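Data first, discussion second: the structure below is written as structure tokens.
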Amino acid sequence: MNLTIENILLIGSLLLLVSIFAGKTSYKFGVPTLLLFLGIGMLAGSDGIGGIRFNDPKLAQFIGIVSLNFILFSGGLDTNWTAVKPILREGIALSTIGVLITAVSLGTFVWFVTNFTIYESLLLGSIVSSTDAAAVFSILRSKSLALKTNLRPTLELESGSNDPMAYVLTIAFLTLVINQDKSFLSIIPFFLQQMIVGGIAGIAFGITSKYIINKIKLDFEGLYSVLVIALMFITFSATNFLGGNGFLAIYICAVYLGNQNLIHKKTILKMFDGLAWLMQIVLFLTLGLLVFPSQIIPYMGIGLLISIFLILVARPIGVFISLLFFKMKLKRRFYISWVGLRGAVPIVFATYPLLAGIDKANMIFNIVFFISVTSILIQGTTLSIVAKWLNVGLPETQKELTPTDLLMAENPKAEMKELLITSDCFAVGKKIVALNFPKNAIIAMIKRDGTYIIPKGLTKIETQDTLIVLADRPEAFDEVYKTLKNK
């Protein structure tokens, strides 16, 4: 079946509906939802029962890049800076040095066991060198996996920030494959430019975006979400235009925004959470349609060998060396090594060699696809089991609410107090967005003149207002008092 304007909406909506219903029960059988989306796409494709012919790597790459924008941005918005700050150095080490070592060690192994050139081998290693943000975010959050100490923030920070490194390495080694006359040293200026410009642009666009969101006065609440989408794409495209890494920029921008007081922040977070899930489904369905299962079969043997080496050797080497100078229990290092899920991102990156037209592009794509599937199937289904085996997991009842959880919850199980605003309070006449309210507390409602007001970022606090405040623990009200009362 060929995709036409007449049937694309019908087919697309049916695939989405089937994916959502199938994903609802998939975890009862231990199957990661993302793998299910991928399988549905493959079944609907030209080699499956659906017979949909889709062989357009360029369109798939475009869908992949747009989807990754939403997935990384949503992950950044949900990143709690307070939780991330203590493990920031470990996360950066994993997402840079760890990715580089994984790429080089796997590339060297591929060079030994295949007829690939060294640059082609390093290209394949680079494509699958990063953990996949979509896979890690969705599996950890779908399983509601509670982990000890700062393990979960470490994993989410790594997965959200290491795709830029893998992207730079992929483009760099692809350049060396195409231009054999260039030396390895020629990619260093490109690498530095991508990372430095991307980092600076992310911070700059984050600060600018906060100013625009809080200062602009839109008539409809829903337009604020549209505004943030526009700012996200501007950040990505402008950074790329300046020669920086757009993926790095949007993640840093989102982390900054997610930890600031924004107007209609709850609406924005909920919208991006839903869009991130939509983009994950669309991305995996698209990549499932793009692949031809019959073409993967000849590479299953070498693909399995490379995948096992990546899971059991290359990933642990990258983790242990990058964390060599940090104090961390051995069990935590082993668990970080195991949560090295590969998903849609490597498959998207594998379209770059296809579009470049290099000799072994099709072989690389099919091997990468097989590696991603086996990684999600083997590692994704065993995260809870391995956490229990290594004793790094916590009972679900002990899982603490993050500020994002508290903000997003419809009926948060938290402490509640009513606070009266007197004339001598600092908060009188101030907009809520300007109060710098504690991240682990929210103003759920305001009682004013016998009526209840649902507060917004631009709502001004008045004398004799009674604020109904929710917090995740009693101690948080100390900070709330200081924010409201102190001159």
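The values are calculated or read from the model by the stated rules, or taken from the named source; none is laboratory data. Note that the structure is predicted; figures quoted are calculated from it, not measured. So basically every Cβ, Gly included, is an ideal-geometry build from the backbone, and we count neighbours across all protein chains shown. Note: areas computed on protein heavy atoms with side chains; ligands, DNA, RNA excluded. Shrake-Rupley method; radii C 1.70, N 1.55, O 1.52, S 1.80 Å.
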Checklist entry - Limited to region 66-114, what total is found for residues that are of a type in the set (Phe, Trp, Tyr) and within 19 Å of Cys253 (Cβ to Cβ)? => result 3
Checklist entry - Are any of the residues in region 462-470 at positive phi and in contact (Cβ under 8 Å) with a residue 40 or more places away in the chain? => result yes
Next on the checklist: Show the residue pairs meeting these rules: Cβ distance below 9 Å; 6+ apart or different chains; first residue within region 180-193 and within 10 Å of Val168 (Cβ to Cβ); second residue of a type in the set (Gly, Ala, Ser) and assigned to a loop (DSSP other than H, G, I, E, B).
Outcome noted: Phe190/Gly243; Gln193/Gly243; Gln193/Gly244
Checklist entry - Within the bounds of region 367-374, is there any residue that is closer than 14 Å to Pro57 by Cβ, without any contact (Cβ under 8 Å) to a residue 12 or more places away in the chain and of a type outside the set (Ser, Thr, Tyr)? => result no
Checklist entry - Can you name every residue in region 258-274 that is of a type in the set (A, V, I, L, M), under 24 Å from Ser67 (Cβ atoms) and open to solvent by less than 40 Å² (accessible area, probe 1.4 Å)? => result Leu262, Ile268, Leu269
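Yes/no per residue for (1) basic (Lys, Arg); (2) in a loop (DSSP other than H, G, I, E, B); (3) open to solvent by less than 60 Å² (accessible area, probe 1.4 Å); (4) at pLDDT below 80:
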{"site": "Glu418", "(1), (2), (3), (4)": "no, no, no, no"}
{"site": "Val428", "(1), (2), (3), (4)": "no, yes, yes, no"}
{"site": "Met445", "(1), (2), (3), (4)": "no, no, no, no"}
{"site": "Gly457", "(1), (2), (3), (4)": "no, yes, yes, yes"}
Next on the checklist: Under 9 Å between Cβ atoms, which residue pairs at least 6 apart in sequence (or on different chains) link something in region 101-122 that is more than 14 Å from Ile358 (Cα to Cα) with a partner that is among the acidic types (Asp, Glu) and part of a helix (DSSP H, G or I)?
Outcome noted: Gly107/Glu120; Val110/Glu120; Trp111/Glu120; Thr114/Glu120
Next on the checklist: Can you list the helices (runs of 4 or more DSSP H) lying wholly within region 43-121 that have 2 or more residues being farther than 27 Å from Ile178 by Cα and open to solvent by 30 Å² or more (accessible area, probe 1.4 Å)?
Outcome noted: 81-84, 88-93
Item to check | Filtered residues of region 271-281 (kept if among the hydrophobic types (A, V, I, L, M, F, W, C) and under 10 Å from Ala344 (Cβ atoms)) | outcome: Met279
Checklist entry - Is it true that some residue in region 211-221 is modelled with pLDDT of 90 or more, closer than 19 Å to Ile432 by Cβ and not aliphatic (A, V, I, L, M)? => result yes
Checklist outcome for this item: Within region 283-297, residues more than 25 Å from Ser67 (Cα to Cα) and either under 23 Å from the mean Cα position of the chain (by Cα) or in contact (Cβ under 8 Å) with a residue 40 or more places away in the chain (or both) come out as Ser294, Gln295
Item to check | Failed item in (1) at pLDDT below 90; (2) out of contact with any Phe, Trp or Tyr (no Cβ under 6 Å at 6 or more places or on another chain); (3) under 20 Å from Ser95 (Cβ atoms), with Ile347 passing the rest | outcome: (2)
